[in-house]
Each structure stands twice: as structure tokens, then as C-alpha cells.
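A short write-up of the structure that comes next.
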Amino acid sequence: MSALVIEGSQWGDEGKGKITDYFSQEADVVVRSQGGNNAGHTITINNEKFALRSIPSGIFNPKIKNILANGMVINPKQLLEELHGLEARGIKDYKLYISNRAHIVLPYHEMLDSAYEAYKGSHKIGTTKRGVGPCYSDKINRIGIRVGNFIDEDDFRKCLVEALKIKNEELKMLGLEQMNVDDIFNEYKEYAKEIKKYVCDTSLLIEEELEKGSKVLFEGAQGAMLCLDHGTYPYVTSSSPTGSAVPINCGVSPKSINSILGICKAYTTRVGEGPFPTEIEGDLAHYIRERGHEYGTVTKRPRRIGWLDCVALNYARRVSGIDYLAITLLDVLTGLDEINICYAYKVDGKIINYMPATLKELKKVKPVYMKLAGWSDDISNAKSFEELPSNTKTYIKAIEELTKAKVAIISVGADRCQTIKVKEIF
Ligand code: IMP
Ligand code: MG
């Protein structure tokens, strides 16, 4: 039995898509556990770039069962566009399963996402405006519409009537136009017809696969520091991207998970607003942003850049149960004379090595850095840990010491083949 969780251990965009795709070559099942089309997973196959949004990264392999789990919020219109887009590029032979317990994102969720952001003004979260937060709010408020209801026409209409009674009041309150049941119903019932063939009880399916001895990969979206519970609240997403949440998000026993792999960039990025203790600006940030192509997949926003934050990473390891790390985009740091790595925070003159819970404290945090020498040799073709320059090895070892997690994978370029396996974990 082999079940590996792939989780973002920073603020998202760590390269989960590439690492999931790498392990997919040996997987039987790939499960997307949470989030929706706020995610953007970029995968490069034979120099061709694919940006996945809601679809699991195993979609390119016709043998893999790709599952959208109950913890996801699914925009059916966008999902179908994404599928049709893949089909147009020749990806026609795939296996897809959608949980009947996942929630549906409807147009009023997107409208409310933008409206709440505008209402918050300078305190906006910087969301992707894909309606993800408002959809999860409806789930919690118990007025959400699940996939199982959505694919039954009568049920969908009834649920929509009930939801709109409340949502229209909310839209009115925010000065927005109210929505008409028929307009949404007539458009969306057509999407439901197309999606129906993929819908099933995915928890049952995963259990069957695990019992058969299949290799299952759980692919998280976003990252631990964007977690609704453990992230830099309120500057977070509305789901739980931590590996520890996979059992709830996917309907599996915690005991069925073998290892949790935290994906971590060799530096840090963040899109959207909110605290970012190791953020850097100027020429250095520009150098890293350009070399790492650090622009949002979904919103195209330039990503904020910072040094590696091992306080945050160690925290992510603790709250998520990370066993191993995959260090990605290591090649981006090539050419720097010196590399900083944050091992503690200073708050009001006091050194701490944990993540403060409040924004007030987080705003005061000053990173404390260890300075390591950089390297100039091209590492993008390295095939083993031993081959890396000694300064690069020192950097990797420092990360292991500061985070108490073993580095199992090192990624030195976008392509599948630019991946160094340090330890067998799947
Ligand atoms: P939301 O998920 O659209 O509600 O956005 C909430 C916060 O999470 C914002 O700061 C977004 O930029 C961030 N976020 C959401 N999805 C991703 C992602 O896939 N990568 C990186 N940041 C994300
Ligand atoms: Mg992304």
C-alpha cells in the first residue's frame, strides 16, 4: 500500500504540479484534495507548457485515475473549459472522477468574491476572485450546492431557489444586481449533463484502490501558510491545504497515508496581500523573479519574492506532519554571491522560533538570517546530490537541519528529467 501526500509548504506556487507529474509516472491514482480554480499548476512536458487549474496533474497519463475529491470547490463551467482546452491539445484519453460531495461554484460566488474585496478596500486579501471563499462560506453555512445535487435537475433547481433567497439578499446588501434562478439554471443544467458521467463516491473509489495495492498520490493546492487554520489569517485561502487535512478533504483514514512530502521553493514567493517576513525588493528580487518566472498562473500578478523562511517551514512541518521535503527551483539561485536563510524571528528585541498567530505580531517580525556562500556552476543538468557544488549541498543540509525534515527530491529545472531523487519515497 502506498499513499503519498504532496503539499505546498509555503504560500503556494512551490512547484506541486511538476512534482506531482514526476511521481505520476509511477502512480495509479492522483487525487486533488482541496481548493478550486484559484490554483494554477504548471507542468512542462517535452517543452510544452500546461497550466492546470482544477484538474489533477495525472491527467496526461491515460492509465491514471484522476479524482477531484470532496474537499474541492468546482466551477463546472471552468472545469469543462479546462477539459476542452486539454482535448484541443491532444489530451483526449484520460480518466476523471468527481466527488458527489464536492461543492459547486456558481456566478454569485464570483460576484461576491470581487464585491467583498472591493468592500475591504486597503484591507483586501488579494484573492484570485474565482469565488472560492464565498463558495466555502456557503458550505459552512449549509446553503452550498454539492455535485450530487447539481447533477439531478430537480434537486439542482430546488437547491438554487433556496440558496438564491439568501444570496440575493447578500448581493443587494453589497449594492449588486440580484440573480435570477432561471438564468443560472438554464445555463448550468447543460454543464451538469456533461459532468454527470464523471461523478461518483470518490471516497469509496480511493478505498478500493488502496485495498488493491494501487499507488495513490494526493495533490494539494495552495500551501500551508495559506491554510485557513494555520496560515497567516486572514490573508489565507478558505480551505485547508495541509497534508494533515487530506483525510477530511478526501474521505480517507489518516492511517492510510504513508508519507507527506512538503514542496518548498529554494526561496519564498507569495501572491496577494499579507505578512511575508523574509520579503526582499529591488534588484535581487527582480533577478529571482525573472529567473524563476515568478508571475501568477491564474492572475498573472508578479509574485512577491523573499529568502527561504525556515521558521515558517518548520511550522508547516509541525502542523502538517511533513516527513520529507522537495526543494524546487534550486537552479534559480545560481549566480548569487550570498544566500540568506531565515532561522529565527526577532520581535520587539526578543528572538523567537515559532510563527506568531496575530497580524499585529507578524507585522513586527524581523527575520534573523544565516548567510551562506552562493554557487555559480550551472546545476540544471545535475543528476545526483553528489554532483551538486559543495555550497549547494551546504544549503540543502542547512534546510534539513533547520526544518527537521529530510530532503527527498531536488528540482533543478522545469522539465521532468531535471529532478534529482535523493531518497525513494513512493
Ligand atoms: P483565494 O483562494 O482566491 O480566496 O485567495 C486567497 C489568497 O490565497 C490570496 O492571497 C491568493 O493570492 C492566494 N492563493 C489562492 N490560490 C493560490 C495558489 O494556487 N497559489 C498561490 N496563492 C494562491
Ligand atoms: Mg500556482
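The values are calculated or read from the model by the stated rules, or taken from the named source; none is laboratory data. In this text, all values refer to a predicted model and were calculated from it rather than measured experimentally. Note that we place each Cβ from the backbone using ideal geometry, even for glycine, and neighbour counts take in every protein chain shown. We work out accessible area using only protein heavy atoms, side chains counted, and drop any ligands, DNA or RNA first. Shrake-Rupley method; radii C 1.70, N 1.55, O 1.52, S 1.80 Å.
Might you check whether a residue that is free of Cβ contacts under 8 Å to residues at least 40 places away in the same chain and either touching a Phe, Trp or Tyr at 6+ places or on another chain (Cβ under 8 Å) or assigned to a loop (DSSP other than H, G, I, E, B) (or both) occurs anywhere in region 266-277? No: region 266-277 contains no residue that is free of Cβ contacts under 8 Å to residues at least 40 places away in the same chain and either touching a Phe, Trp or Tyr at 6+ places or on another chain (Cβ under 8 Å) or assigned to a loop (DSSP other than H, G, I, E, B) (or both). Among the numbered conditions (1) at pLDDT 95 or above; (2) open to solvent by 20 Å² or more (accessible area, probe 1.4 Å); (3) assigned to a helix (DSSP H, G or I), the only one that G335 does not meet is (3). A count restricted to region 230-264 and to residues that are more than 15 Å from the chain's Cα centre (by Cα), over 20 Å from L308 (Cβ atoms) and either at pLDDT below 95 or part of a loop (DSSP other than H, G, I, E, B) (or both) stands at 7. Among the residues of region 310-321, those that are in contact (Cβ under 8 Å) with a residue 12 or more places away in the chain and open to solvent by 10 Å² or more (accessible area, probe 1.4 Å) comprise N314, Y315, R317, V319, G321.
Pairs meeting the criteria (first residue in region 287-302 and open to solvent by 80 Å² or more (accessible area, probe 1.4 Å), second residue of a type in the set (V, I, T) and away from ligand 2 (no atom under 14 Å from the Cβ), beta carbons under 6 Å, at least 6 apart or on different chains) are R291/V332.
The rows are residues; the columns are (1) aliphatic (A, V, I, L, M); (2) in contact with a Lys or Arg (Cβ under 7 Å, 6 or more places away or on another chain).
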position: A102; (1), (2): yes, yes
position: E110; (1), (2): no, yes
position: A118; (1), (2): yes, no
position: T128; (1), (2): no, no
position: Q178; (1), (2): no, yes
position: K189; (1), (2): no, no
position: K196; (1), (2): no, no
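Against the test of being more than 14 Å from ligand 1 (Cβ to nearest atom), touching a residue at least 60 places away in the same chain (Cβ under 8 Å) and open to solvent by less than 40 Å² (accessible area, probe 1.4 Å), the options I19, I59, I64, I91 yield a single qualifying residue, I19. Can you tell me which residues in region 191-237 are aliphatic (A, V, I, L, M) and more than 16 Å from ligand 2 (Cβ to nearest atom)? Those that are aliphatic (A, V, I, L, M) and more than 16 Å from ligand 2 (Cβ to nearest atom): A192, I195, V199, L204, L205, I206, L210, V216, L217, L228. When restricted to residues that are in a loop (DSSP other than H, G, I, E, B) and farther than 25 Å from C135 by Cβ, region 31-67 contains 7. Scanning region 24-58 for residues that are at pLDDT 95 or above and touching a Phe, Trp or Tyr at 6+ places or on another chain (Cβ under 6 Å) turns up V31, S33. Please tell me if Y119 is touching a residue at least 24 places away in the same chain (Cβ under 8 Å), part of a helix (DSSP H, G or I), crowded, with 23+ Cβ neighbours inside 10 Å and more than 16 Å from ligand 2 (Cβ to nearest atom). For Y119, the condition - touching a residue at least 24 places away in the same chain (Cβ under 8 Å), part of a helix (DSSP H, G or I), crowded, with 23+ Cβ neighbours inside 10 Å and more than 16 Å from ligand 2 (Cβ to nearest atom) - is not met. Scoring E386 on the criteria (1) of a type outside the set (F, W, Y); (2) touching a residue at least 12 places away in the same chain (Cβ under 8 Å); (3) within 30 Å of N46 (Cα to Cα); (4) open to solvent by 80 Å² or more (accessible area, probe 1.4 Å) leaves a single failure, condition (2).
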